[in-house]
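A short worksheet on the structure shown next.
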Amino acid sequence: MALITTKEMFKKAYEGGYAVGAFNVNNMEIVQGITEAAKEEKAPLILQVSAGARKYAKHGYLMKLIEAALDDTGLPIAVHLDHGEDFEICKSCIDGGFTSVMFDGSKHPFPENIRLTKEVVDYAHDHGVVVEGELGRLAGVEDDVNVSAKDAAYTDPDQVEEFVQKTGVDSLAIAIGTSHGAFKFKGEPKLRFDILEEIQKRLPGFPIVLHGASSVMPKYVELINKYGGKMPGAKGVPEEMLRQAAGMAVCKINIDSDLRLALTATIRQYFGENPEHFDPRQYFKPAREAIKQVVKHKLVHVLGCNGKA
Ligand code: G3H
Ligand code: 13P
Ligand code: ZN
């Protein structure tokens, strides 16, 4: 099976009232943990790569790992650039075999976001690649960019039709109160489902993307705190809210922090219990297994995409 775009995946997800998981990959154990879970659950999959991941692992290494996973699983997999910040990185990923790219123009004024996104869409579509755009701005940390809560902004439903029509994007990431990282809410978690509903009305049948959708699973935060870490107050998006979004127009749900937490917690626990060990295979093995279990849980109990491959 060859890598595919998200076009067909999103159509089925929209009609079926579920969402496809987009999981960030940075190394072999993460790719294997995610893809083994998806294989067992027969789920369609989006593997996404950030600029930071490309810097860390190099584009070519990540592509080879993903190709190996494709051979191993036979699943429909899309490879997606997460948060492309300019035309050059999008072009480089399109030329380098990705089937989907995000151009994140959310920091630009609306007309500039349209102009820059359209440039990427024109190039991508000429090469059979799909594009995710973004309107509104999430709070939180991505790589070196830290968006404070005061600079974050909900998506304005009045802008979505013009944006989609003028840019030609294939999906749209929106801001309804989620944020990147492990500290998403100070008080009670709250998402603006009224905004999502309005956007869904304005763009019938059009796939919406939710970033910042880790639940920050308490089990792993507790383990991190137990074994020498310091993450007091870490809080994520409740799973029932994600299930609600997946039943609406949200077709792609982005999860990275939950994988980082599972990996880190498992390795901390391993060293807490085995301080004399130093063979990386000994601690990467349970860490990879923890990622697999987290992804299985998400596919079945949060996204509802198990059995849909
Ligand atoms: O949204 C950001 C993703 O979690 C990727 O994070 O830029 O640190 O690789 P990163
Ligand atoms: P989390 O930090 O909530 O996992 O969000 C990941 C994300 O949005 C990647 O683009
Ligand atoms: Zn994101």
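Each reported figure results from applying straightforward, stated rules to the coordinates on display, with no laboratory input. None of these values were measured; they are calculated from a predicted model. Don't worry about glycine lacking a Cβ; one is built from the backbone with ideal geometry, like all the others, and counts go over all protein chains shown.
Which entries of LYS39/LYS201; LYS11/LYS166; LYS230/LYS252; LYS201/LYS296; LYS11/LYS91 show an alpha-carbon separation above 29 angstrom in the structure shown? Beyond 29 Å between Cα atoms: LYS39/LYS201; LYS230/LYS252; LYS201/LYS296.
A crude spin-label estimate for the pair GLU67 and GLN165, with each label 7 Å from Cα along the Cβ direction, gives 4.3 nm.
The eigenvalues of the Cα gyration tensor, multiplied by 5 and square-rooted, give region 5-120 an equivalent ellipsoid with semi-axes of 25, 19, 11 Å from largest to smallest. Considering only ILE89, ILE176, ILE253, the mean-square fluctuation computed in a Gaussian network model of the chain, springs between alpha carbons under 10 angstrom, is largest for ILE89. Ranked by the mean number of other Cβ atoms within 10 Å of their residues, highest first, the peptides 227-240, 161-174, 256-269, 274-287 come out as 256-269, 161-174, 227-240, 274-287. Coordinate range of the alpha-carbon atoms in the chain per principal axis, descending: 59, 45, 35 Å.
Using equal-weight Cα scatterers in the Debye expression, the normalised intensity of region 188-309 in log10 at q = 0.09, 0.15, 0.16, 0.19 Å⁻¹ is -0.32, -0.75, -0.82, -1.02.
Computed on region 26-83, with alpha-carbon pairs under 8 angstrom and 6+ residues apart, the relative contact order is 51 percent. Converting phi to 3J(HN,Hα) with the Karplus coefficients 6.51, -1.76 and 1.60 and the offset θ = phi - 60°, region 245-262 yields 5, 5, x, 9, 7, 6, 10, 9, 10, 8, 9, 10, 4, 4, 6, 4, 5, 5 Hz in sequence order, with x at every glycine or proline. Each residue of region 217-222 was assigned a 3J(HN,Hα) from its phi angle through the Karplus expression (A = 6.51, B = -1.76, C = 1.60, θ = phi - 60°), giving 4, x, 3, 7, 5, 4 Hz with x at Gly and Pro. Rg ratio for region 142-238: its Cα radius of gyration over 2.2 N^0.38 Å, N being its residue count, equals 1.29.
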